[in-house]
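The values are calculated or read from the model by the stated rules, or taken from the named source; none is laboratory data. Keep in mind that this is a model prediction, so the values were computed, not measured. Cβ: placed from backbone, ideal geometry, glycine included. Neighbour counts: every protein chain shown. All accessible areas refer to the heavy atoms of the entire protein, side chains included, with ligands and DNA or RNA removed. Shrake-Rupley method; radii C 1.70, N 1.55, O 1.52, S 1.80 Å.
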Amino acid sequence: MARAMFEPVYNSIFPFWNKLSESDKDFICNNSVALTYPKGTLIHDGNECSGVIFVRSGCIRVYMMSDEGKEITLYRLHRGEVCMLSASCVISAITFDVGIDAEEDSECYIINSTAFMKISEDNPDIKIFTLETAVNRFSDVMWVMQQILFMSMDKRLAIFLWDESARISDDTIYLTHEQIAKYIGSAREVVSRMLKYFANEGIVELSRKGVKIIDKKRLKEIYTG
């Protein structure tokens, strides 16, 4: 029953799947669960090894939180993508904790981390996949760190607005100032001041709905300048 449900998906996303024995395939599928998370649900709090998460639908957000409660969004995962940082016990080199929440209503398949680790011990192809997946995500993390450490606030905000508009195919970003601050690793007050400046310059229009980009040319000049 479990294998019939999970195998078609795992066969399409895991390059090592067809190299596993039939018993190993059964073991992974029997240690998998399908869970649905409403928007805003905390999926992983960083204090335990939750498992390997595969996003079936929706979008989940991976972030770090400071001791003061300040959040920095590291990256998002959409349909068809896999999160390994939620199974940090599988990768001994990972020594930091991340939080994961559902940015949209999301359906996920989760493989128990202990089961995944047990199978990977005798399968180098799984270890390679695990490391490659983690390394690819670290590139996203380093991009975020580069923005925080070396880019001015106006450029960071312009990049976010531009990328978010492209992602949702809409000139209006339906997010609060607090949410935007979390995504770019800043304080809400700082984001509000910069958005007000953008509005005064005629680059965006602010409303209760969110932030509407009204001058894309000038916005692009900020983040490419």
Express the carbon and sulfur contribution to the solvent-accessible surface of the chain as a percent, rounded to the nearest whole number, probe 1.4 angstrom.
50 percent
Cβ crowding within 10 Å averaged over residues, with 80-87, 98-105, 20-27 ranked highest first
80-87, 98-105, 20-27
The chain, Gaussian network, Cα under 10 Å: of Ser152, Ser66, Ser120, the residue fluctuating most is Ser66
At a threshold of 8 angstrom on Cα-Cα distance, excluding pairs fewer than six apart, so keeping six or more, what relative contact order does the chain reach in percent?
20 percent
Give me the distance between the Cα centres of the stretch 164-225 and the stretch 22-46, rounded to whole Å.
35 Å
List the residues whose amide H sits under 5 Å from the amide H of Met151, counting only those 5 or more places along or on another chain, with H placed 1.01 Å from N in the peptide plane.
none
Considering Cα pairs under 8 angstrom that are at least six residues apart, work out the relative contact order of the stretch 114-222 and quote it in whole percent.
22 percent
Å² of accessible area per residue within the stretch 1-139, as computed with a 1.4 Å probe and no ligands counted
50 Å²
Helix-only [θ] at 222 nm, the chain, -39500 (n - 2.57) per DSSP H run of 4+, per residue, nearest 500, equals -14500 deg cm²/dmol
